[in-house]
Amino acid sequence: MPDVKIYFNPKCGTARSALALIREAGIEPEIIEYLKTPPSRAELAALAKLAGGAAALLREKEPLAAELGLKGAAEGKILDAIAANPILLNRPVVVTPKGAKACRPAELVKELL
């Protein structure tokens, strides 16, 4: 399947597991290490649209999310915060022609393949 992307943090076990599942399906995805190459605000908005909203992209367990009061916040505020602080992007986010999803647990990636 072409056009598979994974927003990836190599230090995250769940992200590594999701990548392994994608590769087991015979797919070599485009790997985006979002902490090194953060997505733009526009890219985040497009991802949010595919994933069902900005809240689906937010890593709520990150202490910064609580500090910024992002739980239940408006879409724009969440997207602005993730754009300014890529650590707030839930991981891994996988994008395929079927849509986008934060794949926690990693097995959720199978729904997109």
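Modelled label-to-label distance, A46 and K71, 7 Å Cα→beta-carbon offset: nm?
The modelled label-to-label distance comes out at 3.2 nm.
Where is the GNM fluctuation largest for the chain (alpha-carbon springs, 10 angstrom cutoff): P39, P92, P63?
P63
Among the lysines in the chain, how many pairs, 8 or more places apart or on different chains, have alpha carbons under 22 Å apart?
Step by step, the pairs that qualify in the chain add up to 24.
Take the Cα coordinates of the chain, assign each an equal point scatterer, and use the Debye formula without solvent to give log10 I(q)/I(0) at q = 0.17 Å⁻¹.
After summing over all Cα pairs, the log10 values are -0.73.
Which of C12, C103 comes first, and how do the rest follow, when ranked by fewest Cβ neighbours within 10 Å? Walk me through the numbers before you get to the answer.
Values: C12 15, C103 26.
Starting with the residue having the fewest Cβ neighbours, the order is C12, C103.
Taken together, the values in this text are just the output of simple stated rules run on the coordinates, not laboratory data. Here the structure is a predicted model, which is why all the values come from computation and not from measurement. Counting neighbours? That spans all protein chains shown, and the Cβs are built from the backbone with ideal geometry, glycine included.
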